[in-house]
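Below: the structure, in structure tokens.
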Amino acid sequence: MKNNQSKNRIIAKKKGIVISDKMDKTIVVAVDTFKTHPKYKKKYLSTKKYKVHDEKNKYQEGDKVSIVSIKPLSRDKKYQVIES
């Protein structure tokens with residue numbers, strides 16, 4: 001017998017702020033995370049920028065968005081905006 005259920009994937013969502021919307025159908029989102037230093041155990045803020053696909057050019061600078069990983073659309077674009 002075949003099992004027709006789709007495979008369950010773990011979807012990693014990230015939340016960030018749009019810092020640039022100058023490209024067509026692409027925004028740059030800054031995601032902040034707290035990391036802990038392995039030796040000194042001090043927590044510090046780390047910011048990473050992601051190029052994100054925005055099909056309708058809907059989001060502007062300063063908007064808070066949620067992004068999810070997708071199949072690569074270009075060399076740098078590997079994320080897409082989900083409804084924020």
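Computed from the coordinates by the stated procedures, all read-outs in this text should not be read as laboratory data. Computed from a predicted model, the values in this text were never measured in an experiment. Here Cβ is always computed from backbone atoms with ideal geometry, including for glycine, and neighbour counts include all displayed protein chains.
Calculated FRET efficiency, residue 64 to residue 40, Cβ-Cβ distance, R0 = 41 Å: about 0.85 to the nearest 0.05.
Mind sorting out which of (i) 37, 23, 21; (ii) 76, 49, 21; (iii) 55, 38, 25 is the real Cα extents along the principal axes in Å computed from the coordinates? Read-out from the structure maps to (iii).
Expected output is a single nm value to one decimal: the length gained when fully extending between residue 17 and residue 76, i.e. 0.36 nm times separation in residues minus the C-alpha distance. What is it? Present the calculation step by step, with values, prior to reporting the outcome.
Values: separation 59, 0.36 × 59 = 21.24 nm, distance 1.79 nm.
This chain segment gains 19.5 nm when fully extended.
Under a 10 Å cutoff between Cα atoms, tell me which one of 29, 52, 68 has the largest fluctuation in the Gaussian network model of the chain. Looking only at 29, 52, 68, the biggest GNM fluctuation is shown by 68.
For residue 43, the aspartates and glutamates whose Cα comes closer than 16 Å to its Cα, not counting residues fewer than 8 places off in the same chain, are 32.
Going down the list 39/64; 13/56; 14/42; 25/48, which pairs span over 30 Å between their C-alpha atoms? Those over the limit are 39/64.
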